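The values are calculated or read from the model by the stated rules, or taken from the named source; none is laboratory data. Just so we're clear, the structure is a prediction, and the values are computed from it rather than from any experiment. Using ideal geometry, Cβ is built from the backbone for each residue, glycine included, and neighbour counts are taken over all protein chains shown. Surface areas here come from the heavy atoms of the whole protein model, side chains and all, with no ligands, DNA or RNA. Shrake-Rupley method; radii C 1.70, N 1.55, O 1.52, S 1.80 Å.
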Amino acid sequence: MAELDGPRKESTGLESHRSVSPCKLAYWYVWLFFKYWFGQLRLEDYGRGEFAPDNIKAYVLSQEMLMETIFRGPTGSCKELDVVQPRAAAAAAAAASAGVVPNVAADDVEGRQAKKDTPEGQDVTRVIRGKRIPGFVILQCLVCFGLWLIFTLAMATPKEETAGSRFLAQAGLDTIPGLEDRTDLRWASPDCEDLRLQVWRWLTYQFTHVGACDIMVNVILLLLLVGPMELRNGTVHTAITFNLGVLAGACVWFINDAHNVVVGCSGGCWAYIGMQLADFIVHFRKRNFRIGTSVLLSLVVGIDIVLYIMLMPDESSFGAGASDSAVNLQRFSVRLGGLFMGILAGVVGGGVCQQCSRNAKRVIMPMCFIVGAAMVAYCLLWIFIFQAGGNGAPLNVWESQEKLPGWCWYRQIYNRTHINEYAYECVRCGTQACINDWSSRGILQAVTAVSCQERGWFYSGR
């Protein structure tokens, strides 16, 4: 039977009693992985490394033998241990066959107690016994999902639309009467009112979501990725890191996009994708369930990206000077900001660099802190000082490279005499004077920025 800490094998005779089918191995691997992922399974007695099929077989056989010989009560019910060493299971089985009531070895009990007496062991014990609950994750899920559901159900449905179409609409904090368009993330209003000083938007946009799919994906990310980290790091640490991810997502949006209105808590969720990814890479050799962790992270990231691309509204507006690669980056501005902040926060305060040497910590952790602070500082400088539009209107870094002015208002205009006799043309402005000028030149109609980009801008504020 294989030990759980590596390729070494020790014959105990346990394999001869029964076998484990591949389906059962797969089931137990998934079951044990999620118990381990959510902090309900202790593996310190097994060493470190990938939980291979031989390890699963050893665990299953040891658990079944112990439950059948030791922990079957008068009523036939079984009480499961946290984790039992295979050697102890073999000893228990041998003792039971000899008619002796087995017990775990005294030195093993003392070793377990010694580990529980350490700070790390006490932390693990608190998680296993359920004394720590993911309070922030539960509150965040309830607030985000509750706001979205309440105001989705309260939303009036036009007669020409089906009742189910309301579940595709935007709802949440930003749809509360009196708060409409006051809590989402935007640089300027559609009429070019400057909103840069409304800094609460940089955090409050996380409480509004677009459609059932958007909110459900974020709730799943919160439960799968943020919850386990909160069990390890605590509620206060988790709340601060999550909101730093939301703030970093807003910062990258100001620099990389600046035009689309943004809602949702994806920045905070992706901060914990970054933290989990950093922790997985740094501790790869010593991490249990490497395959399961790789599959889980790949699935949640892939599903979130695919659904976001599929459900992103067609009227999304991107800079005129942006290339295809730039547009792809603009689509994921908030997620990229959260991911980057999550990696930095994981190294600085999330325990990712816990196994690093003291000299490495003295270099890596200050550098990560400086990089994160520099990112936030550059964001603020870009918004209030470096913004190359010159007119205070939204401008992203891609448009700045094309020497374009900022813009926040766009329409299609028809003037058969001075503009185009046969078709509407697209114009955009970044100042009130420009808006007044073009409003008096012809017939104006609403239009999507995407349509204008495909057709080309007749006037772009130059």
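What to note about this one:
- TRP148 being at pLDDT 85 or above and more than 27 Å from LEU395 (Cβ to Cβ): yes
- Given (1) part of a helix (DSSP H, G or I); (2) out of contact with any Lys or Arg (no Cβ under 9 Å at 6 or more places or on another chain); (3) under 22 Å from ILE176 (Cβ atoms), index of the condition ILE220 fails: (3)
- Identity of the residue in segment 38-47, surrounded by fewer than 19 Cβ atoms within 10 Å (Cβ to Cβ) and not in a loop (DSSP other than H, G, I, E, B), that ends up modelled with the highest pLDDT: GLU44
- All positions within segment 210-233 that are more than 15 Å from the chain's Cα centre (by Cα), within 29 Å of LEU380 (Cβ to Cβ) and of a type outside the set (Val, Ile, Thr): ASN233
- Subset of segment 420-445 [closer than 11 Å to TRP409 by Cβ and among the hydrophobic types (A, V, I, L, M, F, W, C)]: VAL427, CYS429, CYS434, ILE435, TRP438, LEU444
- Matching residues in segment 262-294 - criterion: being open to solvent by 50 Å² or more (accessible area, probe 1.4 Å) and touching a Phe, Trp or Tyr at 6+ places or on another chain (Cβ under 9 Å): ARG290, ILE291
- In segment 188-208, residue nearest to GLY267 (Cα to Cα) [restricted to those that are aliphatic (A, V, I, L, M), part of a loop (DSSP other than H, G, I, E, B) and open to solvent by 40 Å² or more (accessible area, probe 1.4 Å)]: VAL199
A quick yes/no check of all residues on (1) among the basic types (Lys, Arg); (2) out of contact with any Gly (no Cβ under 8 Å at 6 or more places or on another chain); (3) at pLDDT 90 or above; (4) within 16 Å of CYS144 (Cα to Cα):
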{"site": "THR208", "(1), (2), (3), (4)": "no, no, yes, yes"}
{"site": "ALA212", "(1), (2), (3), (4)": "no, yes, no, yes"}
{"site": "VAL217", "(1), (2), (3), (4)": "no, yes, yes, yes"}
{"site": "LEU221", "(1), (2), (3), (4)": "no, yes, yes, yes"}
{"site": "THR238", "(1), (2), (3), (4)": "no, yes, yes, no"}
{"site": "ALA250", "(1), (2), (3), (4)": "no, no, yes, no"}
{"site": "TRP253", "(1), (2), (3), (4)": "no, no, yes, no"}
{"site": "ASN260", "(1), (2), (3), (4)": "no, yes, no, no"}
{"site": "SER266", "(1), (2), (3), (4)": "no, no, yes, yes"}
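- In segment 223-259, the qualifying residues are those that are surrounded by fewer than 21 Cβ atoms within 10 Å (Cβ to Cβ) and of a type in the set (S, T, N, Q), and the one that is farthest from ARG182 (Cα to Cα) is ASN233.
- Any strands (runs of 3 or more DSSP E) falling wholly within segment 364-462 and containing at least 2 residues that are open to solvent by less than 50 Å² (accessible area, probe 1.4 Å): 409-414, 425-429
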